[in-house]
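Report on one structure; see the data block that follows.
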Amino acid sequence: MVRRGSLILCGAALFVAWNALLFLFLWGRPTFTGPSNGVGVEPGGNREWVGGVDLTQDVVRLAEEVETELEKQKLLLQQIQGHRALWDKRKQIKQIKNRDVNPFPKRDAKSAMVNDPKIPEVKDIVIPILVIACDRPTVKRCLDKLLYYRPSKELFPIIVSQDCGHKETSKAIDSYGDQVMHIRQPDLGDLAVRPDHRKFQGYYKIARHYRWALNQIFHTFKYQAAVIVEDDLEVSPDFFEYFRSLFPLLLEDKSLWCISAWNDNGREQMIDQKSPELLYRTDFFPGLGWMLLKDLWEELEPKWPASFWDDWMRQPEQRKGRACVRPEVSRTMTFGRKGVSLGQFFDQYLRFIKLNDQFVPFTQRDLGYLKKEAYDRTFTEQVYAAPVVTVEELQGNRVSSSGPVRIQYSTRDSFKAFAKALGVMDDLKSGVPRAGYMGVVSFMYRSRRVYLAPPPGWTGYDTTWS
């Protein structure tokens, strides 16, 4: 017993000493300072220079060195744990048995048929398109494309909900006659906000409008689902086909809570344009053209926030471990630079999003692979079968294989350094990266599939990374 305790203490002391050396190593490195030039259009296009030194490359190199040191520490911990396991073999066997329990057990087919609601035929689905409008007469661009691609007025009624009372915008909406339904948010007054949020009055009004409009859709008109589109979005030729095909999946798979038309990293050089049929699960709520069910609205409406509703949706208290489906190639694009966000991200990212221009017959495809259990197994195998490479190897075309590769990160700082170097959106909301699933961000880099991924054995998001 004494020998066992001594070995554990020695192992722990060795681990602490190793971390101390790593701290001294990082502390002794030169400090880099300098202004940021923002995010470039092309991947790797954002550079920061100090005295002729490429700061971005130095930051990436430092992050990769830290990742290497973390891997060494991980191996050291595994060795310590291995010795401890020898002392307590019986306990370890019990833990292994507990770990082997399938967290997503297969459901009995008969009970599933009894308990699940009947999935309606795709051809019978009525899905309204809710267009959120305010003071943009350019809503006509949005409505023109919706009406041009709409396959059926009966299956896809278009309801335009207008806030602001802007007369020119109202006139533009009314010009469509009975092709659309025009409803008006009645409460146009300012809201009481705390002094430091006065500049965010617009965000408070948007949240109020969303609440009113969704209550109209689900409680007044009594629809069972809706697709939300904002007045500055243009849609793809297969926009309606996309949502119609995924409605049954959203209804059946309770691990999903939305279907989105948007890929946050959907710039032309970062997607596989030859594969517009590719769909993914994502833990990040994308918005920008998305479908929800009445059941979800009834869950969210009682606690709907006063402002910043989209970031509120991304909090773990709302998401509850659920995912959305998103496409490889976006089925919407935004043309609205002017708005309450004052063009945030628009010039750097949003205006470069590629809008799909091909029609994919999704209703003729089997989308069962997107169900959680099957998807998670296949996705994990694909990601962690890809060889690990460094950012410098990828950027320098020094990768020997021609297939997918994996860039591994372990910390918030290394994720942001690698994402920025490769042109991926590097912000995190409640610890979740944009377009990420199980911590993994999938994208194309110079026509190669890249997975920016945590080490194997991912255990969940850290909200302190935001």
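Values for this structure:
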quantity	calculated
Single residue of TRP458, TRP465 found to be of a type outside the set (Ser, Thr, Tyr) and touching a Leu at 6+ places or on another chain (Cβ under 6 Å)	TRP465
Pair list, Cβ under 6 Å, 6 or more apart: region 368-383 residue farther than 13 Å from SER442 by Cβ, other residue open to solvent by 30 Å² or more (accessible area, probe 1.4 Å)	GLU373/PHE104
Residue check, PHE284 aromatic (Phe, Trp, Tyr), part of a loop (DSSP other than H, G, I, E, B) and open to solvent by less than 60 Å² (accessible area, probe 1.4 Å)	yes
Failed condition for PHE156, given (1) open to solvent by 20 Å² or more (accessible area, probe 1.4 Å); (2) in a loop (DSSP other than H, G, I, E, B)	(1)
Residues that are assigned to a strand (DSSP E or B) and open to solvent by less than 30 Å² (accessible area, probe 1.4 Å), drawn from region 426-448	LEU428, VAL432, PRO433, TYR437, VAL440, VAL441, SER442, PHE443, MET444, TYR445
Answer from SER260, SER330, SER245, SER275 - the residue that is small (Gly, Ala, Ser) and out of contact with any Phe, Trp or Tyr (no Cβ under 8 Å at 6 or more places or on another chain)	SER275
Answer residue from region 384-425, given it is polar (S, T, N, Q) and over 21 Å from SER447 (Cβ atoms) and is least open to solvent (accessible area, probe 1.4 Å) among those	SER414
TYR375 under 26 Å from LEU422 (Cβ atoms), part of a strand (DSSP E or B), open to solvent by less than 60 Å² (accessible area, probe 1.4 Å) and not charged (D, E, K, R)	no
Subset of region 356-365 (residues that are within 23 Å of the chain's Cα centre (by Cα) and either open to solvent by less than 80 Å² (accessible area, probe 1.4 Å) or free of Cβ contacts under 8 Å to residues at least 40 places away in the same chain (or both))	ASN356, VAL360, PHE362
Residues of region 449-466 that turn out to be surrounded by fewer than 19 Cβ atoms within 10 Å (Cβ to Cβ), of a type in the set (Ser, Thr, Tyr) and within 21 Å of THR380 (Cα to Cα), as a count	1
Criterion violated by GLN358 - all others in (1) at pLDDT 95 or above; (2) in a helix (DSSP H, G or I) satisfied	(2)
So VAL126, is it in contact (Cβ under 8 Å) with a residue 24 or more places away in the chain, outside any helix (DSSP H, G or I), open to solvent by 20 Å² or more (accessible area, probe 1.4 Å) and of a type in the set (Val, Ile, Thr)	yes
Residue match in region 185-201 (condition: at pLDDT 95 or above and either buried (at least 17 other Cβ atoms within 10 Å of the Cβ) or closer than 30 Å to ASP357 by Cα (or both))	yes
Residue match in region 238-246 (condition: open to solvent by less than 30 Å² (accessible area, probe 1.4 Å), more than 16 Å from LEU292 (Cβ to Cβ) and outside any helix (DSSP H, G or I))	yes
Tally, over region 220-237, of residues that are farther than 13 Å from MET291 by Cα and in contact with a Phe, Trp or Tyr (Cβ under 9 Å, 6 or more places away or on another chain)	6
Subset of region 181-203 (residues that are assigned to a loop (DSSP other than H, G, I, E, B) and touching a Gly at 6+ places or on another chain (Cβ under 9 Å))	GLN185, LEU188
Any hit, region 252-261, residues being without any contact (Cβ under 8 Å) to a residue 24 or more places away in the chain and either assigned to a helix (DSSP H, G or I) or in contact with a Ser or Thr (Cβ under 8 Å, 6 or more places away or on another chain) (or both)	no
Complete set of residues in region 247-263 that are farther than 19 Å from LEU296 by Cα and either surrounded by fewer than 23 Cβ atoms within 10 Å (Cβ to Cβ) or touching a Gly at 6+ places or on another chain (Cβ under 9 Å) (or both)	TRP262
Pairs, first touching a residue at least 40 places away in the same chain (Cβ under 8 Å) in region 177-204, second in a loop (DSSP other than H, G, I, E, B) and of a type in the set (Ser, Thr, Tyr), C-beta under 7 Å, six or more apart	PHE200/SER307; TYR203/SER307; TYR204/SER307
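The values are calculated or read from the model by the stated rules, or taken from the named source; none is laboratory data. Fair warning: this is a prediction, and the values are worked out from it, not measured in the lab. When we count neighbours, we look across all protein chains shown, and the Cβ atoms used for this are built from the backbone with ideal geometry, even at glycine. The area values use the complete protein model at the heavy-atom level, side chains included, leaving out ligands, DNA and RNA. Shrake-Rupley method; radii C 1.70, N 1.55, O 1.52, S 1.80 Å.
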